[in-house]
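Take a look at the structure below.
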Amino acid sequence: MIQNNTSANNYKKALEVGRPPNITTLFPNSKALIVSGKYINNAMLTKKNAMTIAANGRSSFIIKGALLAAQKANAAIIIEIAKSEGGQNAYCPVSLWNIARHVDAFCNELNITIPVAIHADHYAIKNDNDLENAFTEIPTLFEAGITSIAIDASHQHDDKNLLANIKLNHLIPKWAGLETEVGEIKGKAGLSTAEEALFLIQGLNAHNIFPDWIALNNGTTHGIEESSQGISVELTKEIHDAIDKYNVSGAQHGTSGNNSDRLRAIAAETRTTKANVATALQMISWGLKVNDFGNAIMDENKNFIKEKNKGISEKVWAQMTGYANSHKIFGGNYKKLNLPFENILLAQPKEIRERMVKRVEEFIYNILVNVFNAQDTAPFVIENILDSNTFTSQQKTERIEDPSMWTEEKIIKQAASISSIKGPDGDFDD
């Protein structure tokens, strides 16, 4: 947040040197400080016991609200879209290939001066065909303005997960933020273990791959489900402690079904610096009734409750529910209304569009300041950029593991001895 000549000059310098080459090529005259995800992670570590929102920008309303909230909180944030949400089979109008353009345009329109990373979340590698396609597709994401990516092969066995990360890493710029994942996010089934996480991080380290984040199945689910279990802070801490010397932060997925106390604990007691919020923001922007941590409240017939004069108009909500019923869309699958209804939502009167954005802004601001402890982290990014004098954040990790012990043959052999329960098969994307 620019307040004086010194900070204004620092911001100008950060713009000149801190934006990665894909961003400067796409937006040469922009005043938006779009940076590597590495800088965002480092800012949270600098503040300590802080994590920021990785807001899933399923719509333009969510992106606007998230940016305004971060500006108000003076917080560095991440705007992301998952492969399932915005990939080739997208159910959202915001895609992996246009999300950077949305963010850059809104930053300039709204005079947003906090640092933002653009993250391709859950870039899923579920099989050999996904792996093959990734060799062509991943470069296009960075050409389109992505500054951070999550390679998610957690759906596969531990050896294939590690090998997929290794095989794809040369496609990811060294300056870009990098997330890896162990344990598919599916609630209490198939919880991640320290043994699995250590295997993945050690194998990556041996190949000179140093992820900024690791995502775990620590008890959460994607979507609108609320669980009495939720995040296991103890399991998360155990795993973070096991990989401590590799300097990997945590990425918390499935936050929508967890209460504020659990989220405060995960920020305060673990090394988590990134928290994904998706479904809650969608429901809030539409004006649905939610509890204090964004989980949609349903009536006795399992229908969502639309709050009058909040979010979208009652007329458009009637259109959406009618469409959902006719297409047999229920519960969490209401996410599939994003794509067919974006232009209808944009065609609403200005005051309705603005209250949609405002509701998202207020929710995210509260999370950033009162739950995640992320306020006033924006200056840390700018200071880090000025210290480094480059778009590449300083690497804090080096190779510890012996690469000769982590050949493909030895990886497969080691993985066979890992004891883990992956849980039931199914579609756990969000």
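Please treat every number below as a calculation from the coordinates, not as lab data. Owing to the predicted nature of the structure, the values given are computational and were not obtained by experimental measurement. Cβ placement follows ideal geometry from the backbone for every residue including glycine, while neighbour counts extend to all protein chains displayed.
Brief remarks follow.
- Here F61, F106 are placed in order of increasing Cβ neighbour count within 10 Å, fewest first, which gives F106, F61.
- Residue ranges 15-28, 394-407 sort as 15-28, 394-407 when ordered by packing (mean number of other C-beta atoms within 10 Å per residue, highest first).
- Extension gain (nm, one decimal) between K13 and L198, 0.36 nm per residue minus Cα-Cα: 62.7 nm
- Summing Cβ point charges (Lys, Arg +1; Asp, Glu -1) relative to the Cα centre of the chain gives a dipole of roughly 1320 debye.
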